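Encoded as structure tokens, the structure appears first; notes follow it.
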2 protein chains.
Amino acid sequence: MDVAVVGGTGKEGFGLTLRLARAGHHAIIGSRDAERGAASAAKAIEQVGGDARISGTSNAEAASSADVTFVTVPFEGQAEIYRSIKDVLGAGSIVCDATSPLATAVGGRAWHVVRPWHGSAAEQAAAILASGVRMTAGFHTISAEALQAIDEPMDSDVLLCGDDADAKTIVGDLIDQIPNLRWVDAGLLSQARIVETMTALLISVNRGYKIRDSGFRITGRDRWGNPKA
Amino acid sequence: MDVAVVGGTGKEGFGLTLRLARAGHHAIIGSRDAERGAASAAKAIEQVGGDARISGTSNAEAASSADVTFVTVPFEGQAEIYRSIKDVLGAGSIVCDATSPLATAVGGRAWHVVRPWHGSAAEQAAAILASGVRMTAGFHTISAEALQAIDEPMDSDVLLCGDDADAKTIVGDLIDQIPNLRWVDAGLLSQARIVETMTALLISVNRGYKIRDSGFRITGRDRWGNPKA
């Protein structure tokens with residue numbers, strides 16, 4: 001699969017790029033600056049190994065050629081970045097937004113959040129994109145450090161939100177290919193109003209225990225993934 | 001220890017009562033109606049076994065004689081119940097609030113939330129009580145069904161919020177006595193603004209998978225509890 005990671009030069013996006021490439025996919029790092037994207041891709045290939053298929057380019061070019069586009073950018077830049085890629089994402093495109101509206105966006109603390117006008121950052125993104133784009137939201141609670149440690153299995157679950165069940169399953173299949181990472185269907189896209197804030201809670205936990213990679217596993221069922229499967 | 005469960009006739013509170021009594025504590029069920037409290041206590045003794053120390057009375061009387069008071073009531077009645085117990089909770093009293101501001105309080109859905117004026121239900125409670133009460137918040141993500149199945153170990157973690165580290169540790173020690181339940185310090189009381197909403201997220205997950213007892217385990221550390229220990 002061709003998978004774009006818009007904001008793939010950042011820690012979370014870079015880690016996700018490494019994991020997707022390791023799973024055998026063509027990962028396309030998008031950056032505001034195409035050259036920085038290409039430089040990050042070279043670095044990523046070095047970490048994953050020689051036969052990894054990773055390229056780097058501008059955000060819009062990355063999104064234009066991908067089957068699935070992940071967006072991993074800070075909240076303060078999120079709206080602008082969605083405006084820069086909206087023309088290349090038509091009806092049917094699958095997007096997975098990982099933005100958390102941390103209060104750092106307005107000079108506040110990383111364990112606090114602000115409330116986006118649309119309810120969640122993911123719904124703000126959906127409001128910017130063309131109608132018909134299949135929007136999902138996930139990866140908010142997945143540690144960038146853990147993603148980047150590509151030789152270690154993960155120890156957390158992705159809470160995936162979205163109104164389109166098939167789009168969630170397609171994104172979920174990519175998640176299942178990352179060792180020990182599972183996906184849990186968290187409900188409609190509006191549930192991102194809750195899931196996005198859970199990043200700030202993990203930052204509060206990390207801060208209290210002086211660690212960097214706390215996460216969540218969901219209990220109550222042995223197998224998660226597609227609820228209809 | 002003498003532990004009150006205000007709202008202990010409800011599912012969550014009744015489950016907590018069973019677990020605390022099983023751990024050897026004197027559990028005092030509080031109810032708006034002292035007779036209903038006493039009837040619930042009789043039912044609880046039957047379930048835990050003959051030597052269980054469980055009594056039932058009014059909310060205010062329960063809270064007045066306890067070392068720690070848990071409050072497990074629906075959001076729509078929470079403020080009124082805190083007003084009914086505020087006179088018996090003086091400076092130094094330890095309270096653990098388990099309220100989630102589910103939108104059901106205003107006729108909405110259980111997987112949606114409303115935003116309390118004070119930020120969280122726990123902060124609303126603290127604003128009602130005398131200053132000096134040591135307020136904590138936890139148990140929002142702990143399934144009532146799992147608590148009530150007293151012969152089964154738990155499979156989730158309590159995210160505990162509060163500004164008083166010693167109060168969190170005292171409540172946390174009670175949590176640790178419930179088989180397989182752990183407590184994680186989630187930070188200051190204001191972090192309840194996030195933790196309280198996670199109930200609605202679990203209800204969304206339960207709804208999607210047609211289950212009743214999903215929960216969270218926190219990953220990233222082998223041992224949780226007091227971060228300074």
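Just so you know, all these numbers are worked out from the coordinates, no wet-lab data involved. Because the structure is a prediction, the values reported are computed rather than measured. Methodologically, a virtual Cβ is constructed for each residue, glycine included, from the backbone with ideal geometry; neighbour enumeration extends over all protein chains shown.
Every Cα-Cα pair of the protein assembly as shown was included, and the share exceeding 43 Å stands at 18 percent. Pairwise Cα separations in region B:145-229 fall into 10 Å bins from 0 onward with the following percentages, short to long: 16, 45, 33, 6.
Working note: Karplus 6.51/-1.76/1.60 with θ = phi - 60° gives region B:146-158 the couplings 5, 4, 6, 7, 5, 8, 9, x, 6, 9, 7, 10, 8 Hz, where Gly and Pro are set to x. What base-10 log of the normalised intensity I(q)/I(0) is obtained for region A:1-121 from the Debye formula, alpha carbons as equal point scatterers, at q = 0.13, 0.18, 0.20 Å⁻¹? Each listed q corresponds, in turn, to -0.49, -0.87, -1.02. Between this copy and the others, label points of A:LYS11 are 3.9 nm apart in ascending order, each placed 7 angstrom from Cα in the Cβ direction. Residues of region A:157-201 with an amide N closer than 14 Å to a point placed 7 Å from the Cα of B:ALA103 along the Cα-to-Cβ direction: A:187-195.
State whether region B:78-229 is rounded, prolate or oblate according to the following rule on the C-alpha gyration tensor (a ≥ b ≥ c being the square roots of its eigenvalues): a/c under 1.5 gives rounded; otherwise a/b larger than b/c gives prolate, and the remaining case gives oblate. In terms of gyration-tensor shape, oblate.
Sort B:107-118, A:123-134, B:89-100 by packing, meaning the average of other beta carbons within 10 Å per residue, with the highest value first.
B:89-100, A:123-134, B:107-118
For the protein assembly as shown, a simple Cβ point-charge model (Lys and Arg +1, Asp and Glu -1, everything else neutral) yields a dipole of about 280 debye relative to the Cα centre.
Annotation: peptides A:5-16, B:77-88, ranked by per-residue average of other Cβ atoms within 10 Å with the highest first, follow the order A:5-16, B:77-88. Our estimate of slack between A:GLU145 and A:ASP166, defined as 0.36 nm per intervening residue step minus the Cα-Cα distance, is 4.6 nm. For region A:7-47, the percent of C-alpha pairs falling in each 5 Å distance bin, counted from 0 to the bin holding the largest distance, reads 6, 29, 38, 21, 5, 0. Rounded to the nearest 0.05, what FRET efficiency is calculated for B:ILE211 and B:SER131 with R0 set to 30 Å and r the Cβ-Cβ distance? Efficiency computed from Cβ-Cβ geometry: 0.10. Near the amide H of B:LEU188, within less than 5 Å, lie the amide hydrogens of B:GLY162, all on another chain or at least 5 residues away, with H placed in the peptide plane. How about B:LYS168: which lysines have a C-alpha closer than 24 Å to its C-alpha, ignoring those fewer than 8 places off in the same chain? List returned: A:LYS210, B:LYS11, B:LYS86, B:LYS228. Is region B:114-178 best put as rounded, prolate or oblate by its Cα gyration tensor, with a ≥ b ≥ c the root eigenvalues, rounded for a/c under 1.5, and otherwise prolate when a/b is larger than b/c, oblate when not? The shape class here is oblate. Backbone phi angles across region B:106-114, fed through the Karplus curve with coefficients 6.51, -1.76 and 1.60 (θ = phi - 60°), yield HN-Hα couplings of 10, x, x, 8, 6, 9, 10, 10, 10 Hz in residue order; Gly and Pro are listed as x. Mean partner shielding of peptide B:179-188, defined as the number of other chain Cβ atoms within 10 Å of each residue Cβ, is 3. Under 5 Å between amide hydrogens, built in the peptide plane, is the criterion, and for A:ALA52 it picks out nothing among residues at least 5 positions away or on other chains. Placing a label point 7 Å from Cα along the Cα-to-Cβ direction at B:GLY92 gives distances to the equivalent points in the other copies of 7.2 nm, listed shortest first. Take every DSSP beta bridge whose two residues both sit in the protein assembly as shown; close to 15 percent of them are antiparallel.
Along the Cα→Cβ direction, 7 angstrom out, place labels at B:GLU76 and A:ALA39. What is the inter-label distance in nm? The two pseudo-label positions are separated by 5.9 nm.
Computed 3J(HN,Hα) for region B:193-203, one whole-Hz value per residue from the Karplus formula 6.51 cos²θ - 1.76 cosθ + 1.60 where θ = phi - 60°, is 4, 8, 4, 4, 6, 5, 4, 4, 5, 5, 5, glycine and proline marked x. Plainly put, the tip 7 Å out from Cα toward Cβ on A:ASN180 is 2.0 nm from that tip on each other copy, the closest given first.
Distant-in-sequence amide contacts of B:VAL158, defined by a placed amide H-H separation under 5 Å and a gap of 5 or more residues or a different chain, comprise B:ARG182, B:TRP183, B:VAL184. Only Lys, Arg, Asp and Glu carry charge here, each on its Cβ (+1 for the first two, -1 for the last two); on that basis region B:1-90 has a dipole of about 180 debye about its Cα centre.
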